[in-house]
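The values are calculated or read from the model by the stated rules, or taken from the named source; none is laboratory data. What you are looking at is a predicted structure, and each value in this text was computed from that prediction instead of being measured. Please note: Cβ atoms are built from the backbone with ideal geometry, for glycine as well, and neighbour counts cover all protein chains shown.
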């Protein structure tokens, strides 16, 4: 049985953040900055700039995500935080059309990215990261957490297409389906206010 632990991403854990993000897929080049920028800004940045942006964001706090560990090795990453700070979310038409929550509401948080190192996939890391992220959101005063996962409908998908997470993972963590944004993409939410 594999033991998965999670920790918030802090400056002291910067090397672990980088290890988690660089184990295969787009994490190494994206640096989980994609949710934070408009398309124009994204297209004008380089990987070294994105690394610096994530480093600065973590240093400034609060932590923008969590790291999963297996036997002390950083194995995965999740981005979670107030939706108001993730400027791509309201600019994404299908999310803007599907969400019933006001985009200026700081109590609405969003999960926008998962990365799992290739050698640790299939072990349940995304579910553990999501559960820990919900706990972080609750402790931080969030009233609701949204996600925008892929509904795989049991089909095999490319790993790089699953960075939003899968619908099955969000449902297993207690999220409810709120709206189909387009075929294969669902807006889900978990109400933390009760």
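Among the residues of segment 36-48, which ones are assigned to a helix (DSSP H, G or I), more than 16 Å from the chain's Cα centre (by Cα) and surrounded by 12 or more Cβ atoms within 10 Å (Cβ to Cβ)? Step through it out loud before you land on a result.
As a first pass, look at segment 36-48 and keep what is assigned to a helix (DSSP H, G or I): 36, 39-43, 47-48.
Those still in the list that are more than 16 Å from the chain's Cα centre (by Cα) too: 39-43, 47-48.
Residues satisfying the conditions are 41, 42, 47.
Taking only segment 4-17 into account, find how many residues are touching a strand residue (DSSP E or B) at 6+ places or on another chain (Cβ under 9 Å) and either part of a loop (DSSP other than H, G, I, E, B) or farther than 18 Å from residue 62 by Cα (or both). Before you say what the answer is, go through the steps one by one.
Taking segment 4-17 and keeping what is touching a strand residue (DSSP E or B) at 6+ places or on another chain (Cβ under 9 Å), we get 4-9, 13, 15-17.
Among the residues that remain, those that are also either part of a loop (DSSP other than H, G, I, E, B) or farther than 18 Å from residue 62 by Cα (or both) are: 4-5, 9.
Qualifying residue count for the region: 3.
Given the condition at pLDDT 95 or above, assigned to a loop (DSSP other than H, G, I, E, B) and crowded, with 20+ Cβ neighbours inside 10 Å, answer yes or no: does some residue in segment 172-189 qualify?
For segment 172-189, residues at pLDDT 95 or above, assigned to a loop (DSSP other than H, G, I, E, B) and crowded, with 20+ Cβ neighbours inside 10 Å: present.
Can you tell me which residue is nearest to residue 118 (Cα to Cα) among those in segment 8-33 that are surrounded by fewer than 20 Cβ atoms within 10 Å (Cβ to Cβ) and under 14 Å from the mean Cα position of the chain (by Cα)?
My answer is 26.
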